[in-house]
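In what follows, a structure is listed as structure tokens, so that the remarks can point back to it.
The values are calculated or read from the model by the stated rules, or taken from the named source; none is laboratory data. Everything quoted here is computed from the prediction, not taken from an experiment. With ideal geometry, Cβ positions are generated from the backbone for all residues, glycine too; neighbour counts draw on all protein chains shown. We work out accessible area using only protein heavy atoms, side chains counted, and drop any ligands, DNA or RNA first. Shrake-Rupley method; radii C 1.70, N 1.55, O 1.52, S 1.80 Å.
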Amino acid sequence: MKKYTSSETTFPENSESETYRFEIKAYLKSDLAQLYFPCLSAEAALRKLRRWINFNPSLHHELYEGPEGKNDQIFSKRQVAVLVKYLERP
């Protein structure tokens, strides 16, 4: 299991004794999508995450209202925080 650590934002996992930490930082879109959908391929996970984003107009607007481009390969730290706000941690 991967461990993500951050002194800024951590989320303990409830079901395991080992602590799982998710860091709010910039992620490749495909990497973040696979954290949300670990059983899917990178391409399928990214398609599914895009569907979730497009299904929620508030999330879509807040996610892309900043300086980041919709077609960028990376979600910025701000965008990851927005995703966690709407979708919770992966």
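Computing FRET efficiency as 1/(1 + (r/R0)^6) for Gln73 and Glu23, where r is the C-beta to C-beta distance and R0 is 25 Å, gives about 0.85. Note on the stretch 21-82: with neighbouring protein chains present and a 1.4 Å probe, carbon and sulfur make up 54 percent of its accessible heavy-atom surface. Of the peptides 39-47, 75-83, the order by per-residue mean of other Cβ atoms within 10 Å, starting with the highest, comes out as 75-83, 39-47. Taking each residue as 0.36 nm, the span from Glu62 to Ala81 lengthens on full extension beyond its C-alpha to C-alpha distance by 5.8 nm.
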